[in-house]
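Step one of this worksheet: look at the structure below.
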Amino acid sequence: DWPTPTQEGNGGTDGGSNGGLNGGMATETSFKVGDVTRRSAGVSLKAKVVRVCVQGRAGEEHEGGYGDVLIGDETGCILLLAAGAELGMLTPGSSVLLRNVSIEVLHQRMRLTIGRWGSMEPLEPGLTCEVNLENDLSSRDVASDDS
């Protein structure tokens, strides 16, 4: 198991005047899904894919399409925006390791995005836990949430 987050909001602990960034990349912090907040930075976590909702097709904005993917673990679930090859490796029941992903708030709802410094890879063996769908971080209004 991964430890609970020890760094939040500043993207790192180097104490420098660059907002906690190390060479342009946020310091990686291991999370459980239920521990993610809108201020979490450098999020890395293991998650199981619950469902995939493809929104765009190849040839539009992203080659290979893009979509929202509900992922989670025993502590909660959250939407992940995935595109192209990333979307192709996400199938319900599979597990992934996300490294250094970002939190984005869209319409007052949180979701994860894989940006320039982030990555995703298949996780073998996969997670065997039941995903906690009751703690859906993407369904919570973060404008009224202090976390």
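The values are calculated or read from the model by the stated rules, or taken from the named source; none is laboratory data. Being a predicted model, the structure only gives us computed values, none of them experimental. Cβ atoms come from the backbone with ideal geometry, glycine included; neighbour counts cover every protein chain shown. Accessible surface areas use protein heavy atoms only, side chains included; no ligands, DNA or RNA. Shrake-Rupley method; radii C 1.70, N 1.55, O 1.52, S 1.80 Å.
Values for this structure:
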{"item": "Label-point gap, in nm, between Gln55 and Leu123 - each point 7 angstrom along Cα→Cβ", "result": "2.4 nm"}
{"item": "Protein accessible area in the stretch 70-147, 1.4 Å probe - carbon and sulfur %", "result": "50 percent"}
